1. Could you state the angle between the C-alpha long axis of helix 111-128 and the longest principal axis of the C-alpha atoms of the chain, as a value from 0 to 90 degrees rounded to the nearest 10?
2. Let me know the charge dipole size of region 212-269 about its Cα centre in debye, to the nearest 20, where only the beta-carbon of Lys, Arg (+1) and Asp, Glu (-1) is charged.
3. Counting each DSSP H run of 4 or more residues in the chain as -39500 (n - 2.57), what helix-only mean residue ellipticity at 222 nm follows after dividing by all residues, to the nearest 500 deg cm²/dmol?
4. With charges set only on the Cβ (+1 for Lys and Arg, -1 for Asp and Glu), what does the dipole of the chain come to about its Cα centre, in debye to the nearest 20?
5. Please give me the summed charge of the neighbours of Tyr202: other residues whose Cβ is under 10 Å from its Cβ, Lys and Arg +1, Asp and Glu -1.
6. Starting from the amide H of Ile146, placed 1.01 Å from N in the peptide plane, find each other amide H under 5 Å away whose residue is 5 or more places distant or on another chain.
7. Can you give me the long-range amide H partners of Gly194? Hydrogens built in the peptide plane at 1.01 Å from N, cutoff under 5 Å, separation of 5 or more residues or another chain.
8. Using alpha carbons only, how many degrees (0 to 90, rounded to 10) separate the axis of helix 248-257 from the longest principal axis of the chain?
Amino acid sequence: LAGALGNMTREEIYKRLKSRASFVWLKRGLTPDQANEIKQLGIPAIGFRGEVRRFYPQGRETSHVIGLTDIDNGGISGFERWLDQSSFGALRKSGMMNGVQVQATQLTIDARVQHAVHEVLDKAMEQYHPAAAGAVILNAKTGEVISLVSLPDFDPTIPSEAAEKDRLNRVSGGVFEMGSTIKTFTTAMALELGNAKLTTIYDASHPLVIGSQVIHDSHSRGKPLSLVDVFLQSSNIGSAREALSVGMENHKAFLERTGLLSKIAFELPEVATPVSPRVWRQVNSLTSAFGHGFATTPLQTAVGIAAIMNHGRLVPPTLLPRSDE
């Protein structure tokens, strides 16, 4: 047996065989050659058991979405884990699914789009050498996620890769200060709650001082800006003045309604909880207007912006097909 199994010593094999248990695994994942060699030994007590193993056609490209399983095909991350935590997982563990043909679960991910996004992010990683990169594409009307990629990723056939510390799914499982992308929400808030119009003027001619906090623009024009120009020129000062126009409490409530400050509902287990100040003060409101002072996930930022594009209708994201209604 030791000669056939290769990487097991005589001592290891003997220790397992002398166990009082009625059944023990000697080796799992045998190659056909190994199995044939052992069969030719003609040992009566040695048997073989067929096992089902996962195959991942998309490999790394969908690793953070699909996830992976353990040696017993139990989901340990991604959609694999979500599926096993559902009623299907309970049936499988009870043995009631043995030999039963079940319909495949259809995800909303478009393999063609996923491949293109993965390729673009790969090139960005090579060119700019960031610690990580990520992207999400979704249907604004239905919330269906068409593509979700987070790099670095892993090979699902090599589970040890997934355990490395930099393999986090940052799109749904990481929180960040989202910076100037949040100005999209600030602009929408000024229009909805601040009685602003596209031509409303905000004084961005000089830095805004709140206590010890000084808010300035890195590329200041040194003049008042219209709401449109505040957005186009990504003005921190103008965005902060937009927040002042609606008030601190209204600003916080608006961010809560857009789903940026609370944990989002999503099929993947890897979903992080946003971080925001326990006590919301005016300075928090002003810095939040240009994306600093609170941290949220890229996924829910995209979902919130989709709501703005979808006439204010906030639709939770999903990996399962959903109708337009």
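1. Value to nearest ten degrees: 70.
2. On the way: 6 positive and 6 negative charges, 25 e Å.
Rounded to the nearest 20 debye, it is 120 debye.
3. Details: 15 runs with 123 residues, N = 325.
My calculation for the chain gives -10500 deg cm²/dmol from helical runs alone.
4. Details: 33 positive and 32 negative charges, 167 e Å.
With Lys and Arg at +1 and Asp and Glu at -1, about 800 debye.
5. Values: positive: Arg241; negative: Asp203, Asp229, Glu242.
Result for the neighbourhood of Tyr202: -2.
6. Correct list: Ile137, Leu138, Asn139.
7. none
8. 30
The values are calculated or read from the model by the stated rules, or taken from the named source; none is laboratory data. Nothing here was measured: the structure is a model prediction, and the numbers come from that model. Neighbour counts run over all protein chains shown; Cβ positions are idealised from the backbone, glycine included. For accessibility, only protein heavy atoms count, side chains too; no ligands or nucleic acids. Shrake-Rupley method; radii C 1.70, N 1.55, O 1.52, S 1.80 Å.
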